[in-house]
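The next block holds one structure in the form of structure tokens; read it before the comments.
Every read-out reported here was derived from the displayed coordinates using simple, explicitly stated rules and does not represent laboratory data. As the structure is a computational prediction, the values presented were derived from the model and not from experiment. All Cβ positions, even for glycine, are placed from backbone atoms using ideal geometry, and neighbour counts span all protein chains on display.
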Amino acid sequence: MSSIEFTPLGGAREVGANSYLLRMGGLDIVLDSGLHPKKEGVGALPEFSLLRKAPDAAIITHSHIDHCGSLPHLLQIFPSVVPYATPATLRIMDRMLHNSVSVMGILKKERHIDDYPLYQHSDVEYAVGKSYGIEVGQEFAISSESELCAVFSPAGHVLGSASVRLNANGRSVFYTADICAVDQELMAGFEYPDRPETIDTLIIESTYGANEGADSVSYAEEIERFGASMATVLEGGGCVLVPSFALGRAQEILNVIARLQEEGVVPHVTVYASGLGRAVYEIYDRFRDQLRPGAELSPLSQFKKVGDVWNPEVARKLLREPCIVVATSGMMIQNTPSAAIAQEMVKEPCHGIFFVGYCDPDTVGHQVKTCSPGDSLQFMLGAAPVEVRLDNIQSYHFSAHAPRMALQRVIERIKPDRVVFVHGDPDAVDWMYENTANGALKYMSAIGETLAL
Ligand SMILES: [Zn+2]
Ligand SMILES: [Zn+2]
């Protein structure tokens with residue numbers, strides 16, 4: 001049997017700058033090329049210095065920044081690399097990467113991070129322009145000199161997201177990337193590739209490996225709780241802020257709210273959506289045929305623009321009438337629209353802030369989740385802290401990642417000979433390693449540590 005080598009460049013025992021070098025069929029393939037969400041400057045890049053020669057290709061599974069955010073930089077170093085992604089991923093990636101250049105420009109000024117931006121708009125144009133858009137189910141070869149073929153299958157995570165299977169010389173590797181096992185409001189769940197039993201090596205994400213609670217969350221019950229709490233705040237004359245990631249969560253939540261309004265659960269107040277979430281929404285609309293069968297995507301025109309909320313007067317005006325605001329960032333990072341709106345919102349006890357995703361411990365979102373009324377928090381860089389008078393702060397579990405029991409079922413169904421656990425905090429990867437894939441050869445490796453598979 002021919003050998004395969006696997007080396008994490010990032011995202012081994014962490015959800016970081018997810019990127020893996022796979023050497024198979026005589027080719028070097030980079031699987032994903034992300035930026036670390038919690039690190040800054042060049043420290044956020046994968047360890048590209050581990051690449052001793054130009055990779056033959058880069059396969060991008062989806063357009064979250066922790067999976068595609070360093071692709072323009074990779075192509076700066078190795079201009080010959082050919083990237084592959086689904087057509088929807090390419091469209092969203094283009095939008096997300098240009099936004100990254102702008103955000104890095106702002107951070108350079110605000111936080112004096114000298115090595116930002118890590119790439120320019122022209123580098124994004126080069127990377128996206130050089131990429132091939134390949135539909136799911138369509139097998140593609142990377143080089144005429146190699147037997148290696150790849151094929152995408154639906155990952156169910158966000159629009160365009162895919163898992164990828166690579167076949168060469170009698171070996172078959174399947175990289176799940178980020179997967180969601182169940183249907184969401186807009187996305188249909190993960191699908192197995194053809195003949196899963198012929199996969200010999202599985203590379204699987206481990207995000208929820210340490211989260212026992214996620215196994216028992218019912219999506220339908222969570223939506224019911226979300227709708228009921230939202231109605232209470234609005235009927236009491238308050239507004240609801242839903243801090244949300246721009247790709248995936250924002251589009252899903254806007255459509256959940258539209259449906260709950262349609263069903264009469266949530267009052268018909270104005271719903272606002274912020275910038276990047278709107279831009280991605282347009283791409284969801286363009287690729288609406290790839291959404292879950294039966295999913296009804298509300299027209300974007302139904303959701304109003306939030307406007308220049310960095311002007312406190314605009315934010316105050318927004319909150320005069322009961323309304324719902326879905327705004328980035330999901331973790332309420334300082335100086336983002338959700339932080340600017342929250343800064344005004346927390347001054348009044350009648351409003352509600354509903355988190356629908358994870359907040360890192362060093363974000364304002366985490367401080368808001370854990371604060372008590374009377375505490376003061378700083379929402380905007382350079383601004384004075386504001387006293388929190390609102391106590392209706394809720395958290396909902398609307399993840400686009402499979403809980404660990406679902407990951408376990410994927411392993412059991414595929415029954416691979418070898419399983420490599422990636423993309424999870426150490427305790428998550430450890431739980432997966434210890435409790436799943438019995439009978440298979442199991443691997444977890446560190447950044448720069450090559451596995452011979
Ligand atoms: Zn993702
Ligand atoms: Zn991810």
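How far, in nm, would the chain grow between ASP417 and SER144 when pulled straight, counting 0.36 nm per residue and subtracting the alpha carbon separation? Between ASP417 and SER144, full extension yields an extra 95.4 nm. Residue order for ASP66, ASP123, fewest other beta carbons within 10 angstrom first, comes to ASP123, ASP66. Between THR270 and THR232, the FRET efficiency from the beta-carbon distance, with R0 = 22 Å, is close to 0.75.
Stretched out straight at 0.36 nm per residue, the stretch from ASP183 to HIS121 would grow longer than its current Cα-Cα span by 18.8 nm. Centroid-to-centroid, using Cα positions, region 114-136 and region 219-287 are 31 Å apart.
The C-alpha atoms of the chain define a longest principal axis, and helix 275-286 lies at about 60 degrees to it. The three principal axes of the C-alpha atoms in region 340-409 carry coordinate ranges of 49, 26, 18 Å, sorted with the longest axis first. Take every Cα pair under 8 Å whose residues are at least 6 apart in sequence, average their separation, divide by the length of the chain, and the relative contact order is 18 percent.
LYS304: which lysines have alpha carbons under 19 Å from its alpha carbon, excluding same-chain residues fewer than 8 sequence positions away? Within reach: LYS317. Between GLY213, MET444, PRO373, the Cα set farthest toward the positive side of the dipole of the chain (charges on each charged residue's Cβ, about the Cα centre) is that of PRO373.
Where does the chain land on Rg(C-alpha)/(2.2 N^0.38 Å)? Normalised Rg, Cα atoms only: 0.97. Think of the chain as having a plus end and a minus end, set by charges on the Cβ of Lys, Arg, Asp and Glu; of PRO312, LEU202, ALA340, PRO312 sits farthest toward the positive end of this dipole.
Between LEU441 and ASN392, the FRET efficiency estimated from the beta carbon spacing at R0 = 30 angstrom works out to 0.05. For the chain, the Cβ-based charge dipole about the Cα centre amounts to some 600 debye (Lys, Arg positive; Asp, Glu negative; other atoms uncharged). Ignoring aspartates and glutamates fewer than eight residues from LYS109 along the same chain, the ones with Cα atoms less than 17 angstrom from its Cα are GLU40.
Within region 213-248, what residues put their amide N at less than 11 Å from the label point 7 Å along the Cα-to-Cβ vector of ARG259? Under cut-off, by backbone N: 219-221, 223-224. Think of each Lys and Arg Cβ as +1 and each Asp and Glu Cβ as -1; about the Cα centre, that makes the dipole of region 248-309 roughly 120 debye. Computed about the Cα centre, the dipole magnitude for region 218-395 is approximately 340 debye when only Lys and Arg (+1) and Asp and Glu (-1) carry charge, each at its Cβ. Partners of LYS39 within straight-line reach, counting aspartates and glutamates whose Cα lies under 18 Å from its Cα and excluding those fewer than 8 residues away in the same chain: GLU14, GLU47, ASP66, GLU110, ASP114, ASP115, ASP360, ASP362, ASP425. The distance separating the Cα centre of region 1-21 from that of region 32-108 comes to 15 Å. Between SER329, LEU390, GLY236, the Cα set farthest toward the positive side of the dipole of region 218-395 (charges on each charged residue's Cβ, about the Cα centre) is that of SER329. At what distance in angstrom do the alpha carbon centres of region 138-214 and region 388-414 lie from each other? Using only Cα atoms to place each centre, the spacing works out to 20 Å.
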